[in-house]
Amino acid sequence: MLELSANDTIIKTYLKDLQHLKSQAVSHELGLKAPFHNLLDKAAKRRHWTLVQELPTYSGGKRVVPDGTVRDEFRLARGWWEAKDTSDKLGAEIEKKLKAGYPARNTIFEDTQIAVLYQDKAEAGEFALGEPVKVADLLNQFLSHDESDEREFQRVQEPDS
């Protein structure tokens, strides 16, 4: 199981990179996506998972394109990430995305200040992205989420002991 700490290098790098962009008065989504992308990518790789950008998926019968999809070694989607502008009202943007059919099984919605984690189709927590402990908590909860269907798939894939 992955356990990141607040002192982890990838979290320190994320906060430093984000602060640098903000010191350059960058506030738009595309300008601020890279630090969180890099953070999530490095954390996923520690589980031998892959972060795929802009991978279309179907959810609730609708085609959606989250900013990132985290896939495991079997190419199963383990979670999604959606970035928003710092000027957006995050709650309203989340509602729009959910109504548009975005998955809520294990999804991070973030605006560089706050991340809201949805798991099992309900809000599972809100995390202040300026606090290293909260960033670690978010990633640990996101990357350790395990649904019953996924557990059953892994059980079937494991050799008999």
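Would you please name the residue that is farthest from the chain's Cα centre (by Cα), looking only at residues in segment 125-150 that are surrounded by fewer than 17 Cβ atoms within 10 Å (Cβ to Cβ) and among the hydrophobic types (A, V, I, L, M, F, W, C)?
Ranking the qualifying residues of segment 125-150, first place goes to Val133.
So how many residues does segment 64-81 have that are in contact (Cβ under 8 Å) with a residue 24 or more places away in the chain and surrounded by fewer than 20 Cβ atoms within 10 Å (Cβ to Cβ)?
In the first step, residues of segment 64-81 are kept if they are in contact (Cβ under 8 Å) with a residue 24 or more places away in the chain; the result is 64, 66-68, 70, 72-74, 76-81.
Applying the additional criterion that residues be surrounded by fewer than 20 Cβ atoms within 10 Å (Cβ to Cβ) yields 64, 72-74, 76-77.
The number of residues fulfilling the criteria is 6.
Among the numbered criteria (1) in a loop (DSSP other than H, G, I, E, B); (2) touching a helix residue (DSSP H, G or I) at 6+ places or on another chain (Cβ under 7 Å), which one does Gly79 miss?
(1)
Of everything in segment 79-107 that's more than 17 Å from Gly68 (Cβ to Cβ) and hydroxyl-bearing (Ser, Thr, Tyr), which residue is farthest from the chain's Cα centre (by Cα)?
Ser87
Please go through segment 1-33 and give me each residue that is closer than 18 Å to Ala136 by Cα, hydroxyl-bearing (Ser, Thr, Tyr) and surrounded by fewer than 16 Cβ atoms within 10 Å (Cβ to Cβ), ordered by number.
Across segment 1-33, the qualifying residues are Ser5, Thr9, Thr13.
Select from segment 34-57 the residues that are in contact (Cβ under 8 Å) with a residue 40 or more places away in the chain, under 18 Å from Tyr118 (Cβ atoms) and of a type outside the set (Gly, Ala, Ser) and write down the one among them that is surrounded by the most Cβ atoms within 10 Å (Cβ to Cβ).
Leu40
Of the residues Thr112, Thr107, which single one is β-branched (Val, Ile, Thr), surrounded by 14 or more Cβ atoms within 10 Å (Cβ to Cβ) and at pLDDT below 95? Don't jump to the end; show me each part of the working.
Details: Thr107 fails: at pLDDT below 95.
It is Thr112.
Looking only at segment 132-141, filter to residues that are free of Cβ contacts under 8 Å to residues at least 40 places away in the same chain and of a type outside the set (S, T, N, Q); which one of those is nearest to Leu39 (Cα to Cα)? Steps first, please.
Going residue by residue through segment 132-141, those that are free of Cβ contacts under 8 Å to residues at least 40 places away in the same chain are 134, 137-138, 141.
Next, only the ones that are of a type outside the set (S, T, N, Q) stay: 134, 137-138.
On the way: Lys134: 14, Asp137: 13, Leu138: 12 Å.
Top of the filtered list is Leu138.
Which one is farthest from the chain's Cα centre (by Cα), of the residues in segment 27-64 that are outside any helix (DSSP H, G or I) and of a type in the set (A, V, I, L, M)?
Val64
Considering every residue within segment 87-104, establish whether at least one is assigned to a strand (DSSP E or B), in contact (Cβ under 8 Å) with a residue 40 or more places away in the chain and either on the phi < 0 side of the Ramachandran plot or surrounded by 13 or more Cβ atoms within 10 Å (Cβ to Cβ) (or both).
Our first condition is that a residue be assigned to a strand (DSSP E or B); within segment 87-104, this holds for none.
No, segment 87-104 contains no residue that is assigned to a strand (DSSP E or B), in contact (Cβ under 8 Å) with a residue 40 or more places away in the chain and either on the phi < 0 side of the Ramachandran plot or surrounded by 13 or more Cβ atoms within 10 Å (Cβ to Cβ) (or both).
The values are calculated or read from the model by the stated rules, or taken from the named source; none is laboratory data. All of these numbers come straight from a predicted model, not from anything done at the bench. Using ideal geometry, Cβ is built from the backbone for each residue, glycine included, and neighbour counts are taken over all protein chains shown.
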